[in-house]
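Read through the structure below, which is laid out as structure tokens, and then see the notes.
The values are calculated or read from the model by the stated rules, or taken from the named source; none is laboratory data. All values derive from a computational prediction rather than experimental measurement. Virtual Cβ from ideal backbone geometry, glycine too; neighbours counted across all protein chains shown. Surface accessibility is based on the protein's heavy atoms, side chains included, excluding ligands, DNA and RNA. Shrake-Rupley method; radii C 1.70, N 1.55, O 1.52, S 1.80 Å.
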Amino acid sequence: MRPVNGVFGNLGTTIFTVMSALASEHGALNLGQGFPDDEGPDDVRAVAARAIIDGPNQYPPMPGVPALRQAVAAANKRFYGLDVDWQKEVLVTSGATEALNDCLLGLLNPGDEAIILEPAYDSYKPIIEAAGAKVVSVALEPPLWTLPLERLAAAFSPRTKLILLNTPMNPTGKVFTRAELDAIAALLIEHDAYAVCDEVYEHLVFSGHRHVPLMTLPGMRERCVRIGSAGKTFSLTGWKIGYVTGPEHLMTPIMKVHQFVTFTTPPALQTAVAYGLGKDDDYFAGLAGSLEAKRDLMARGLKEAGFDVLPADGTYFISADFRPLGFNGTDEEFCRDITVKAKVAAIPISAFYADPAAAPRHLARFCFCKQDAVIQEASARLGTYAQRRA
């Protein structure tokens, strides 16, 4: 028989599926997968429900309903001072992962190189390789996840088409500094390259940090596309509503990919997200404040259990070093061990590296976008686990 696609055919089961199945088997609290355990804002969901009844429920315009594209453009202006043409520079997608797929397939050619910063979300590498391009990885340096500027500069070559920048960053919780963004911008100009900016956690930033889109920096408006997610902004991950903003010359091929992937996205959900993006500042500040409190609760519980906790300035995630607990195995072995024995599931950080041999093997990622009672119970279970190891 002829072989199937070499990129996707050779992929194994994702660590998220593996750990979630193990959590279910052992009745563990699942702090692995990154989704909230509430149902999102009542008013946004009410708008969606009414829109389903009132219609329309047929195919909306391929780039997205005008109300949502206008709302995305307005949000770019409101939060970042970006002037965006909603008709030519905004695309609505069926989730941010589709947006990533559309951007990478639309911009990359076979033989191009794409730089990713590790640890990285697991979909980046296979999409790049499916486009026929080569992944060039640059590893950040824990525990502060510092960007090694000399290694980043060395990763650029005449074949570099783009860098994929995720800030705020999954799985580290890092918010890239202005100095790091300036350095990236200078390299893009020097090498005439683009940036695909995964900014789905843009409103989930803590501790006085501020999210600065790379697109807002001098010379970057024409080189960047930025991806947002209603799933993260409104705790509605199952809706799968993403959006891409970028200059027309980049958005044109990206939209052409979209029309042959999903073509369009449910109109009622788009209408509700358009409403949500117009909510007042208190909503966005409250979302970040609530998650910051959950981060602090999770960090305190992990520290009391004996972990060394790494900083997390954004996203849903916090990483912890388990070596102080006396566990000397790999991060995957540790995550399996706590799932079975402590009844708490987490994700090994090495799963976010193209080459696990190059990854730190002493860190686990915990998701804190859960009810406070769940975080407290998970912390108590981990504390008991640590005491039994002492």
Task: When residues of the stretch 1-33 are limited to those that are among the aliphatic types (A, V, I, L, M) and not in a helix (DSSP H, G or I), the one farthest from Y316 (Cα to Cα) - done: M1
Open item on the list: Cβ-Cβ distance below 6 Å, separation of 6 or more or different chains: which pairs start in the stretch 9-20 with a residue that is closer than 16 Å to P171 by Cα and end on one that is of a type outside the set (F, W, Y) and assigned to a helix (DSSP H, G or I)?
Closed with: I15/A351
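Looking at V135, V84 in this structure, which one is surrounded by 15 or more Cβ atoms within 10 Å (Cβ to Cβ), part of a loop (DSSP other than H, G, I, E, B) and among the β-branched types (V, I, T)?
Selected residue: V84, the only one of V135, V84 that is surrounded by 15 or more Cβ atoms within 10 Å (Cβ to Cβ), part of a loop (DSSP other than H, G, I, E, B) and among the β-branched types (V, I, T).
Regarding the stretch 240-255, can at least one residue be identified that is among the hydrophobic types (A, V, I, L, M, F, W, C), open to solvent by less than 10 Å² (accessible area, probe 1.4 Å) and not in a helix (DSSP H, G or I)? Reasoning before the result, please.
Initial filter on the stretch 240-255 (among the hydrophobic types (A, V, I, L, M, F, W, C)): 241, 244, 250-251, 254-255.
Pick out the ones that are also open to solvent by less than 10 Å² (accessible area, probe 1.4 Å) and you get 241, 244, 250-251, 254.
Checking the rest, the ones that are also not in a helix (DSSP H, G or I) come to 241, 244.
Yes, there is a match, as at least one residue in the stretch 240-255 is among the hydrophobic types (A, V, I, L, M, F, W, C), open to solvent by less than 10 Å² (accessible area, probe 1.4 Å) and not in a helix (DSSP H, G or I).
Being surrounded by fewer than 17 Cβ atoms within 10 Å (Cβ to Cβ), among the hydrophobic types (A, V, I, L, M, F, W, C) and in contact with a Leu (Cβ under 9 Å, 6 or more places away or on another chain) is true for just one of A23, A51, A74. Which residue is that? It would help to see each step written out before you state the result.
Numbers: A23 fails: surrounded by fewer than 17 Cβ atoms within 10 Å (Cβ to Cβ); A51 fails: surrounded by fewer than 17 Cβ atoms within 10 Å (Cβ to Cβ).
None of the others qualify; the one that does is A74.
How many residues are open to solvent by less than 10 Å² (accessible area, probe 1.4 Å) and either charged (D, E, K, R) or within 22 Å of G9 (Cα to Cα) (or both) when one looks only at the stretch 119-132? Before the answer, list the steps.
The first filter runs over the stretch 119-132 and keeps only residues open to solvent by less than 10 Å² (accessible area, probe 1.4 Å), leaving 119-120, 124, 128.
Filter again for either charged (D, E, K, R) or within 22 Å of G9 (Cα to Cα) (or both), leaving 120, 124, 128.
Number of matching residues: 3.
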Open item on the list: If T97 satisfies all but one of (1) in a helix (DSSP H, G or I); (2) surrounded by fewer than 17 Cβ atoms within 10 Å (Cβ to Cβ), what's the number of the condition it fails?
Closed with: (2)
Open item on the list: Among the residues in the stretch 296-317, are any over 25 Å from T146 (Cβ atoms) and free of Cβ contacts under 8 Å to residues at least 24 places away in the same chain?
Closed with: no
Open item on the list: Condition first: within 13 Å of T172 (Cα to Cα), β-branched (V, I, T) and open to solvent by less than 60 Å² (accessible area, probe 1.4 Å). Can you find one or more residues in the stretch 338-359 that meet it?
Closed with: yes
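What do you reckon, is F16 open to solvent by 50 Å² or more (accessible area, probe 1.4 Å), under 28 Å from F352 (Cα atoms) and either touching a Ser or Thr at 6+ places or on another chain (Cβ under 9 Å) or at pLDDT below 95 (or both)? Reasoning before the result, please.
On the way: open to solvent by 50 Å² or more (accessible area, probe 1.4 Å): no; under 28 Å from F352 (Cα atoms): yes; either touching a Ser or Thr at 6+ places or on another chain (Cβ under 9 Å) or at pLDDT below 95 (or both): yes.
Spelling it out, it is not the case that F16 is open to solvent by 50 Å² or more (accessible area, probe 1.4 Å), under 28 Å from F352 (Cα atoms) and either touching a Ser or Thr at 6+ places or on another chain (Cβ under 9 Å) or at pLDDT below 95 (or both).
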TODO: Give the residues of the stretch 360-390 that are among the hydrophobic types (A, V, I, L, M, F, W, C), surrounded by 20 or more Cβ atoms within 10 Å (Cβ to Cβ) and in a loop (DSSP other than H, G, I, E, B), sorted by residue number.
DONE: F368, C369
Task: Checklist (1) of a type outside the set (D, E, K, R); (2) touching an Asp or Glu at 6+ places or on another chain (Cβ under 8 Å); (3) surrounded by 15 or more Cβ atoms within 10 Å (Cβ to Cβ) applied to G329, failing item - done: (3)
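Give S229, S235 a once-over and let me know the one that is polar (S, T, N, Q), surrounded by 24 or more Cβ atoms within 10 Å (Cβ to Cβ), within 17 Å of the chain's Cα centre (by Cα) and under 29 Å from I53 (Cα atoms). Outline the logic, then answer.
On the way: S235 fails: surrounded by 24 or more Cβ atoms within 10 Å (Cβ to Cβ).
Checking each option against the conditions leaves just S229.
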Open item on the list: Regarding the stretch 153-160, can at least one residue be identified that is in a loop (DSSP other than H, G, I, E, B), within 25 Å of T271 (Cβ to Cβ) and open to solvent by 50 Å² or more (accessible area, probe 1.4 Å)?
Closed with: no
- [ ] Please enumerate the residues belonging to the stretch 174-225 that are open to solvent by less than 20 Å² (accessible area, probe 1.4 Å), β-branched (V, I, T) and not in a loop (DSSP other than H, G, I, E, B).
- [x] I184, V196, V225
